[in-house]
Ligand SMILES: Cc1cc2nc3c(=O)[nH]c(=O)nc-3n(C[C@H](O)[C@H](O)[C@H](O)COP(=O)(O)OP(=O)(O)OC[C@H]3O[C@@H](n4cnc5c(N)ncnc54)[C@H](O)[C@@H]3O)c2cc1C
Ligand code: SF4
Ligand code: FES
Ligand code: FES
């Protein structure tokens, strides 16, 4: 089986990894790069556990060929905390709300949720927007309630922070 | 067993960060499939494409000849049968002479990678002789001959278990009842759907010790069965349960993969991993038993239950699993929260050529609860009594005994009813909701662990060991399996409460049979009560030692010393305090190394004195009330569940949000079963699985799930740690009948069969319309005209 | 994990490169977002030696309004999320924006392309399963490794369902499909692209790729809508799929219907354009007769099969309800 040498950026670091052409990004992340935070629940698009971000957009790594990530920036849950200097506000909120029970769906949900909040750009998301953004990620433990609470909590904090900094800007002018 | 002389509740009932959530969220926790060992091989299992067939021969040679293939095992390597219930060992790790369902394991092969293992499985030649397969339990039960007997170890044809118990003169009481409600109910099969697929890894150390890491919720039972089947002494085996990605009962017994990795590791001398595909998880199953239930319930004019007569057929699938217990549970767990005048149940579990059924959250009792709560609703309508009032009138109360002689301690059921009634606006709103909209209520109860372990023994049901060290930290060792429900955090909360340490100063090491005391595992909602009590026992012994040493140095009586907030404090002079590390050092100087063990055994006076009277008896019972609001689209048959209010009596919530999370997660799971989930095989297509994927087995998404309002009720039980009872399974039960009853309230139809799929709703509406036109029924209730328009 | 068959991947950066690669490798397949082809390959429904990836073909990612030609051009590589969120699509072709926005799930829409959606393989409960599973029903069917059909047991033709959400809408909007192949470029009405064979349900010639979908800009006032039903509100493929379009004499729901088009998916391999709607013409859209005529015609002409996992009889009944409600909703929205 011939291997290809694939170059991509993973969590801000340039990596090169050898893998056969028929390997998925999920396999390469988990078994070649030891980024085990990305989970596998079905391996064919039905559950969302394998969600990562590619160039900032949530995608399913089980349905992405590793070669498709070449030259692109992949963010996994390991990188989410790094981005925010250790612990992302979503991770903190999920922890406070007990939004992770078994935690198996959580990495994927965090990456979908982060993209939503980024797009909200300081506007508070509604409950429906949260549900819509996370609707490709199954969770079997929580009944979703605490996850929604946690995401809304961060959304609210971000909106407050955005309003405050807008206020400061206005003030400065 | 609250301990008397401590600062009350400095941790209990608060909101806690879980001890192990952050590592999971950062992607550093190693679940089973995240383990990678040097030289590790990957194994795959070749499965039967036949629902029922004799194996005439297996040719492994073509597979073994492939480069990269290391070893293969077949049923011949596992001739000793096992079974989670010691009385019914009726399955082998791989099929020995015959296969009993599509997906039954036949050969396991270890190879350099999964691709090679798959290719090797394809190369194996199995010679099958297909046999007549049975997919209908009643048809299977009718067969008596050896040829038609599905399970090779069965001695009673296709009867897996039969239980008939009668308490009081049921027939006489039915005859004397003012109202008898008769109903036929059908509970379809459903499965757990944990997002993490099963996975196991085995390693044989040079010393010969076998270590098996497995995504299991019962490491101790796995340990025992591995020893039995592999014929190894238990002390040469170590079982470790890594962090687990959900279980819900689906990982509560040994599966083929654990035996296979162990044997293959022994054969090859290399570590071996086996990860199920999602499809294989569906074949492993052990989900909720489909049940056909025939109920007759007699009532007095004022709504009191005089008699309950239940006949149930359980569709068990190919193996026993927990089936013996399930068959009892299908009757034994129904006897609260209502007092029954008399009761009889007659339950028969059949073997069929399907993946085996077993325990799913709310084991054995979700199905009868569904039947019973609809029976009550029908009676309420017939008698013109408010459904909540009817339930109140039958409340069994606290500190009492059920008709089947189980002792009930605390009981918060009436408060549960009151809470959902008030929160939903039942009194004001119900009568005003027009046609198409409705509210429905249902109640239930569940055990907090069973009084007797699965295999008879006189040893404690739970044990915990705690060590304190001079840095001011506690280590808790427990065999219990945290499956996501938060049991490790529960142990930390109790330790924290007793020893005054913040949660982050406590390390919980669990579910490793080498390091931890035996625990029976995460099933029957036993951990908080049993392991919690054992933990409380150990922690309070340590607390006494520490307080004593501090008191000695302060020259005050011991009970003046309080441990809280990482300090030892003088209750009467709060300015006097030392930090925990100092206190522990004093205690270590006085007592030597600070370690204590605690254990828990159940009280043995809770059950009935008859054969089977121990099965279902529990130290304490939780209670739940669900109230659902639905909107029914009478043209499409689609049921939209708007909101579910849930009040659950867990005795004492040790950690508030974790308990709420259990209530929400349980209710969600019930909602999915009620409306969309269906697990089964296709008899028209040789018993192939009806759709073994998370696409075809539809679990509700974020957009499908109704708003869930969880309310905690606390009726502390003398048998629970600080009064705590279970919260992980009870709050599933009544969600399903609450929805069914709400549908009746909305449009006047009874759905006695799950799931409440749109075609079934439409069929029931058409039948009602027919009866209205025939003058047998009057229109259900007023409402906007458009709501009535039919397809 | 679910293993993929072994293949090589080529990633040309031009359409010509793609066409050439397809010619070079017999049996090669195109991969765009991969959300349909990879699950199918993991099920071993095909074992192509080479996948030709569109990931680097930037020319397929355009979405422009071409006023000179009177068209909106959507490149085959545009993702469903982009279509759902694009301001022009939302303004000019709301039914398309809606359909693209309810495909599968948000993560899948971020990956899935319009080209992949139009070329989505037909679906059937007996084929979209693992190779092992297909063995358990006795060895597949016409569309896989067998020689029977489990849906129409005596049938000689596969009737697996065209399950794309966007195709019915695109046809209702008179879209054209632009194909480029070894023999050059051709444009044909999307309605003519499909034919009734679930094994090969498009008329794409060997080596031909979809490069663009063209939507004629609305010439006058109209109302269009897409209705989908699936058991869950996310992740699920459609079980019922109806696209509606009415050209009106004026920009009001009370205006006269000048033309009506109804296209239904998830029947057999070919989407169905409902005919004999003339009776509805000339009536105000808000006249309940229009909803009735259109829904009755749809119900009469469309017969769902037991190819996807839900009772065909129920789905047939619901065609009438969802079609009627679709019209009513357009009226209610003004
Ligand atoms: C869980 C799940 C749910 C889904 N639900 C839905 C749903 O509700 N509705 C729906 O419509 N779809 C659904 N899909 C299918 C799929 O995600 C979408 O149809 C998507 O748009 C396919 O696009 P793609 O780019 O990923 O296609 P690919 O998988 O890359 O390709 C699909 C097919 O089209 C061919 N192809 C791709 N691009 C071209 C081209 N430019 N020219 C010629 N041939 C081409 C490929 O060779 C392949 O045969 C679902 C998929 C999954 C996994
Ligand atoms: S319609 Fe028939 S031939 Fe086509 S995929 Fe389904 S079963 Fe196979
Ligand atoms: S593992 Fe990728 S969607 Fe389930
Ligand atoms: S927390 Fe277990 S699946 Fe979501």
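The values are calculated or read from the model by the stated rules, or taken from the named source; none is laboratory data. Small disclaimer: the values here were computed from a predicted structure and weren't measured. Because the Cβ atoms are built from the backbone with ideal geometry, glycine has one as well, and the counts that use them run over all protein chains shown.
Numbers below:
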| quantity | calculated |
| --- | --- |
| Some residue of the range A:71-94 being over 11 Å from the mean Cα position of the chain (by Cα) and within 16 Å of ligand 1 (Cβ to nearest atom) | no |
| Residue check, residue C:124 away from ligand 1 (no atom under 11 Å from the Cβ) and either touching a strand residue (DSSP E or B) at 6+ places or on another chain (Cβ under 9 Å) or within 14 Å of another protein chain (Cβ to nearest Cβ) (or both) | yes |
| Total residues in the range A:114-173, condition touching a strand residue (DSSP E or B) at 6+ places or on another chain (Cβ under 8 Å), on the phi < 0 side of the Ramachandran plot and outside any helix (DSSP H, G or I) | 2 |
| Unique residue being over 30 Å from residue B:724 (Cβ atoms) and buried (at least 17 other Cβ atoms within 10 Å of the Cβ) when the list is B:72, B:29 | B:72 |
| Selection count, the range C:235-258, where residues are within 14 Å of chain A (Cβ to nearest Cβ) and away from ligand 4 (no atom under 16 Å from the Cβ) | 2 |
| Restricting the range A:78-111 to residues that are more than 10 Å from chain B (Cβ to nearest Cβ) and touching a strand residue (DSSP E or B) at 6+ places or on another chain (Cβ under 8 Å), the residue that is surrounded by the most Cβ atoms within 10 Å (Cβ to Cβ) | A:111 |
| Evaluation of residue C:163 against (1) within 16 Å of ligand 2 (Cβ to nearest atom); (2) farther than 27 Å from residue C:207 by Cα; (3) in contact with a strand residue (DSSP E or B) (Cβ under 9 Å, 6 or more places away or on another chain) (one fails), failing number | (2) |
| Tally of residues being on the phi > 0 side of the Ramachandran plot and within 14 Å of ligand 1 (Cβ to nearest atom) across the range A:3-46 | 2 |
| Qualifying positions in the range C:283-301 - touching a strand residue (DSSP E or B) at 6+ places or on another chain (Cβ under 7 Å) and surrounded by 22 or more Cβ atoms within 10 Å (Cβ to Cβ) | C:285, C:290, C:294, C:298 |
| Considering residues of the range C:11-35 that are facing chain A (nearest Cβ under 9 Å) and farther than 17 Å from residue C:206 by Cα only, the residue surrounded by the fewest Cβ atoms within 10 Å (Cβ to Cβ) | C:11 |
| The range C:298-332, subset within 11 Å of chain B (Cβ to nearest Cβ) and in a loop (DSSP other than H, G, I, E, B), residue nearest to ligand 1 (Cβ to nearest atom) | C:308 |
| Any hit, the range A:116-127, residues being within 16 Å of ligand 1 (Cβ to nearest atom) and either over 21 Å from residue B:668 (Cα atoms) or more than 8 Å from chain B (Cβ to nearest Cβ) (or both) | no |
| Residue match in the range B:75-85 (condition: within 14 Å of another protein chain (Cβ to nearest Cβ), within 21 Å of residue B:357 (Cα to Cα) and touching a helix residue (DSSP H, G or I) at 6+ places or on another chain (Cβ under 7 Å)) | no |
| Residue within the range C:98-116 that is within 11 Å of another protein chain (Cβ to nearest Cβ), free of Cβ contacts under 8 Å to residues at least 24 places away in the same chain, over 13 Å from residue C:36 (Cα atoms) and within 16 Å of ligand 4 (Cβ to nearest atom) present | yes |
| Selection from the range B:677-692 of residues that are within 13 Å of chain A (Cβ to nearest Cβ) and over 14 Å from residue C:124 (Cβ atoms) | B:677, B:692 |
| Within the range A:18-53, considering residues that are assigned to a helix (DSSP H, G or I) and under 18 Å from the mean Cα position of the chain (by Cα), the one farthest from ligand 4 (Cβ to nearest atom) | A:28 |
| Wholly within the range C:26-101, helices (runs of 4 or more DSSP H) carrying at least 1 residues that are not assigned by TED's automatic domain parsing to the domain that holds residue C:167 | C:37-42 |
| Among (1) away from ligand 1 (no atom under 15 Å from the Cβ); (2) out of contact with any strand residue (DSSP E or B) (no Cβ under 7 Å at 6 or more places or on another chain); (3) within 29 Å of residue A:145 (Cα to Cα); (4) touching a residue at least 60 places away in the same chain (Cβ under 8 Å) - the single one residue A:49 does not satisfy | (1) |
| From B:261, B:239, B:204, B:229, residue being modelled with pLDDT of 95 or more and under 25 Å from residue B:27 (Cα atoms) | B:239 |
| Residue, farthest from ligand 2 (Cβ to nearest atom), within the range C:48-62, restricted to residues that are surrounded by fewer than 19 Cβ atoms within 10 Å (Cβ to Cβ) and closer than 20 Å to residue C:97 by Cβ | C:62 |
| Residues being touching a helix residue (DSSP H, G or I) at 6+ places or on another chain (Cβ under 8 Å) and surrounded by fewer than 19 Cβ atoms within 10 Å (Cβ to Cβ) - total across the range C:64-84 | 1 |
| Residue within the range A:9-25 that is crowded, with 24+ Cβ neighbours inside 10 Å, modelled with pLDDT of 95 or more, more than 9 Å from every other protein chain (Cβ to nearest Cβ) and within 14 Å of ligand 3 (Cβ to nearest atom) present | yes |
| Answer residue from the range C:187-225, given it is exposed (fewer than 13 other Cβ atoms within 10 Å of the Cβ) and more than 29 Å from residue C:124 (Cα to Cα) and is farthest from ligand 2 (Cβ to nearest atom) among those | C:220 |
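Table: residues versus (1) under 20 Å from the mean Cα position of the chain (by Cα); (2) at pLDDT 95 or above; (3) within 16 Å of ligand 1 (Cβ to nearest atom).
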position: C:153; (1), (2), (3): no, no, no
position: C:159; (1), (2), (3): yes, yes, no
position: C:162; (1), (2), (3): yes, yes, yes
position: C:165; (1), (2), (3): yes, yes, yes
position: C:177; (1), (2), (3): yes, yes, yes
position: C:180; (1), (2), (3): yes, yes, yes
position: C:185; (1), (2), (3): no, yes, yes
position: C:191; (1), (2), (3): yes, yes, no
